[in-house]
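S.K.: Dropping the structure in here first, questions after.
The values are calculated or read from the model by the stated rules, or taken from the named source; none is laboratory data. What you see is a predicted model; the values in this text were computed from it and never measured. Virtual Cβ from ideal backbone geometry, glycine too; neighbours counted across all protein chains shown.
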Amino acid sequence: MMTVIEKQYMDAVIAMNRKMADQNKTDWERYRRETARDVAIYCAGICLTQPADERPTYSEIAEVAVKVADALIAELQKERE
């Protein structure tokens, strides 16, 4: 029979192993959000150089940013295979 301290030690070791395994996995959803954010910021900055009546809407910028992020992730995932 295990003592309380041995049980706590085993639980801690298991938790550390899970955490270390998770560190080696790519968080694609987080990467997608960060990439879309960066693309949106870049596009919004470029759009400010255009006349106001020719600028895309924020919704259009967001849509393009997500599409770019998705395309980039798809390409990165292909390379890993």
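S.K.: Say whether the condition of being in contact with a helix residue (DSSP H, G or I) (Cβ under 8 Å, 6 or more places away or on another chain) and at negative phi is met by at least one residue in segment 8-29.
M.R.: There is at least one residue in segment 8-29 that is in contact with a helix residue (DSSP H, G or I) (Cβ under 8 Å, 6 or more places away or on another chain) and at negative phi.
S.K.: Out of Ala44, Ala12, Ala36, which single residue is at pLDDT below 90, small (Gly, Ala, Ser), assigned to a helix (DSSP H, G or I) and surrounded by 10 or more Cβ atoms within 10 Å (Cβ to Cβ)? Spell out how you get there, then give the answer.
M.R.: Numbers: Ala44 fails: at pLDDT below 90; Ala36 fails: at pLDDT below 90.
From the options Ala44, Ala12, Ala36, the qualifying one is Ala12.
S.K.: Would you check which residues across segment 47-79 are β-branched (Val, Ile, Thr) and under 21 Å from the mean Cα position of the chain (by Cα) and list them?
M.R.: Step one: filter segment 47-79 for residues β-branched (Val, Ile, Thr), giving 49, 57, 61, 64, 66, 68, 73.
Hits for segment 47-79 are Ile61, Val64, Val66, Val68, Ile73.
S.K.: Considering only residues that are among the hydroxyl-bearing types (Ser, Thr, Tyr) and in a loop (DSSP other than H, G, I, E, B), look in segment 47-66 and name the one that is farthest from Leu76 (Cα to Cα).
M.R.: Among them, the one singled out is Thr49.
S.K.: So in segment 15-33, with the set limited to residues that are among the polar types (S, T, N, Q) and not in a loop (DSSP other than H, G, I, E, B), which one is nearest to Lys78 (Cα to Cα)? Give the derivation first.
M.R.: So the first thing to find is which residues in segment 15-33 are among the polar types (S, T, N, Q), and the list is 17, 23-24, 26.
From the residues that got through so far, the ones that are not in a loop (DSSP other than H, G, I, E, B) too are 17, 23.
Working: Asn17: 28, Gln23: 21 Å.
Among those residues, the one meeting the criterion is Gln23.
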